[in-house]
1. Mind counting the residues in region 412-449 that are assigned to a helix (DSSP H, G or I) and either under 28 Å from Ala364 (Cβ atoms) or modelled with pLDDT under 95 (or both)?
2. Give region 277-294 a look and list any residue that's open to solvent by less than 30 Å² (accessible area, probe 1.4 Å), more than 16 Å from the ligand (Cβ to nearest atom) and among the small types (Gly, Ala, Ser), or say none.
3. Quick one: count up the residues across region 237-276 that are within 16 Å of the ligand (Cβ to nearest atom), in contact with a His (Cβ under 7 Å, 6 or more places away or on another chain), under 17 Å from Thr163 (Cβ atoms) and not in a loop (DSSP other than H, G, I, E, B).
4. Evaluate the following for Ser161: is it hydroxyl-bearing (Ser, Thr, Tyr), surrounded by 13 or more Cβ atoms within 10 Å (Cβ to Cβ), assigned by TED's automatic domain parsing to the domain that holds Thr252 and more than 30 Å from Asp236 (Cα to Cα)?
5. In region 391-430, what residues are open to solvent by 50 Å² or more (accessible area, probe 1.4 Å) and touching a Lys or Arg at 6+ places or on another chain (Cβ under 8 Å)?
6. So which residues in region 61-84 are more than 15 Å from the ligand (Cβ to nearest atom) and surrounded by 21 or more Cβ atoms within 10 Å (Cβ to Cβ), if there are any at all?
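The values are calculated or read from the model by the stated rules, or taken from the named source; none is laboratory data. Here the structure is a predicted model, which is why all the values come from computation and not from measurement. Don't worry about glycine lacking a Cβ; one is built from the backbone with ideal geometry, like all the others, and counts go over all protein chains shown. The area values use the complete protein model at the heavy-atom level, side chains included, leaving out ligands, DNA and RNA. Shrake-Rupley method; radii C 1.70, N 1.55, O 1.52, S 1.80 Å.
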Amino acid sequence: MRYLIKDATIVAMDSAHGAEPFGGDILVEGDRIQEIGDNLSGGGAETIDGRAKLVMPGLTNAHVHSWEAMYKGRYDNLPLELWMLLCYPILGAVPLPPRLIYLRTMIVGMECLKTGVTNVLDDVIEMPGQDLDQLEATFQAYDDLGIRANVSGHIINRPFSETIPFTDELLPDELKAKVSAAPPPSTKFFVELAEEAVSRFHNKKGRLRYVIAPSGPQRCTDDMLIAAYELADKHDMAYHIHILESKIQAVTGHEFYGKTLIGHMNALGALGPRTAIAHSIWVTDEDIRMIADAGSTIVHNAISNQKLSVGIMPYRKIMDAGIPIGLGSDGISTNDTPRIFDVMKAAALLHKVSTPDYPQGPSASEILRAGTINGARTAMIDGDTGSLEAGKKADLIILDMKTLNFTPLNDVRNHLVYCENGSSIEKVMVNGEIVVEGNRLKRVDEAALLEELRGHLPEFKKQHEQLEALNSAFRPAFEEIHKRCCGRDLGINRFSRPPSEWY
Ligand SMILES: [Zn+2]
């Protein structure tokens with residue numbers, strides 16, 4: 001297909017314009033943007049009237065876990081590790097059937113597309129482990145929707161008791177025995193699985209990619225962290241990992257390695273340009289320097305971080321170090337939606353309350369960069385998407401500027417970050433194809449898919465309530481670990497109140 005968008009307001013997010021709006025036409029040919037300029041002639045292209053319309057790159061959700069979609073709206077007021085007990089049960093999980101995984105992924109992808117997210121990095125965890133049929137179901141859902149997707153095989157290969165400090169002392173023997181009954185997968189097993197995933201799913205349809213995702217440095221063996229980076233290098237893939245999300249994780253580095261988790265990754269050679277670090281909240285100044293020197297990136301999850309009460313990322317220090325920041329929703333149970341318009345607003349606001357030194361707060365232009373081109377950078381596909389430029393993939397959204405969100409119209413950049421919530425979107429284009437028009441998904445039957453998913457809920461919820469009851473046995477030990485780690489003085493504080501006021 002060829003499209004000519006005429007006389008639009010364009011926010012290109014390219015290096016020449018950044019978030020500064022300008023007027024012009026956009027010619028789309030096949031899956032790519034052919035040209036951006038004035039008075040373009042389409043020569044038979046379908047013309048889209050761009051007057052009073054804003055065209056910008058589709059947003060990137062650079063960190064989401066579709067696994068959690070079944071727990072949307074289920075939990076509140078739990079810190080990371082206590083919430084994980086319920087959402088990622090340590091004991092008793094049974095593999096989900098691929099059809100339910102397909103439907104689960106669909107509800108994430110459908111909401112992404114309808115709210116302007118054209119590129120998603122889904123760090124997919126399956127409990128108790130992931131097989132290729134399950135991974136295929138996730139890829140199939142994104143393929144059917146027409147979205148651009150980067151899908152991981154999330155891997156944990158250390159026994160649970162070795163991933164959190166003080167479990168040896170605080171977990172009852174009976175629970176320790178149950179936890180160690182199932183041995184974790186070996187590095188060799190994962191490398192073979194990942195190689196097969198690459199050959200089946202990576203670089204397909206011009207918009208589907210596989211991503212290497214060791215869960216976190218403390219959740220994987222050193223040889224796994226290194227082998228995973230070598231795999232990412234070999235196949236030109238992103239290397240996606242959680243580091244220093246909670247204070248427990250900050251203490252973990254000192255307890256397990258005698259250094260920070262970033263220092264550990266750096267010593268292994270697993271910190272590099274492919275490394276995208278989800279969170280990076282409890283980083284030291286030296287950690288920030290190592291991340292910058294390595295050319296790594298950070299994915300900021302401003303809403304999830306607030307909901308899980310893990311602390312506030314040192315935004316301006318990271319920006320000043322020149323580290324690209326993308327934005328993620330994080331899992332659908334800690335946000336509880338993949339909408340990036342929400343995350344942009346939350347991120348813009350969160351860092352304004354961190355300090356009275358107001359110029360340190362994020363600007364709307366910085367936030368738009370994080371939600372578009374820098375998000376694409378964290379997934380290693382900024383050469384293809386994330387900005388509107390001739391030669392790049394045609395991944396864009398068209399918004400109506402006559403809505404309440406844009407009236408009265410002042411600074412377009414501020415409207416996008418502070419007023420817009422996705423409801424002004426008229427069209428969403430991915431890979432040159434219009435996949436959303438007038439709030440309707442063009443490739444799939446949304447109502448039928450939701451109805452089918454609802455049919456699974458009674459049985460699913462019954463099973464999950466049993467898992468919650470079984471795993472609540474860990475709670476007393478985890479409460480103690482949480483308090484003990486939060487009480488440890490590491491010389492940095494990422495909460496808004498000082499330790500003396502915490503409890
Ligand atoms: Zn995450």
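1. Residues flagged as assigned to a helix (DSSP H, G or I) and either under 28 Å from Ala364 (Cβ atoms) or modelled with pLDDT under 95 (or both) within region 412-449 amount to 8.
2. Hit for region 277-294 is Ala294, nothing else.
3. Number of matching residues: 3.
4. So Ser161 fits the description; yes.
5. Passing the criteria: Tyr418, Asn421, Glu426.
6. Scanning region 61-84 gives a single hit, Met70.
Residue-by-condition table, conditions (1) touching a residue at least 40 places away in the same chain (Cβ under 8 Å); (2) among the charged types (D, E, K, R); (3) open to solvent by 30 Å² or more (accessible area, probe 1.4 Å):
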| site | (1), (2), (3) |
| --- | --- |
| Gly432 | yes, no, no |
| Asn439 | yes, no, yes |
| Asp445 | no, yes, yes |
| Leu453 | yes, no, no |
| Pro458 | no, no, yes |
| His464 | yes, no, no |
| Glu468 | yes, yes, yes |
| Ser472 | yes, no, yes |
| Cys486 | yes, no, no |
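Table: residues versus (1) in the same structural domain as Leu113 (by TED's automatic domain parsing); (2) under 28 Å from Val151 (Cβ atoms).
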| site | (1), (2) |
| --- | --- |
| Tyr358 | yes, no |
| Leu399 | no, yes |
| Thr403 | no, no |
| Thr407 | no, no |
| Asn421 | no, yes |
| Val428 | no, yes |
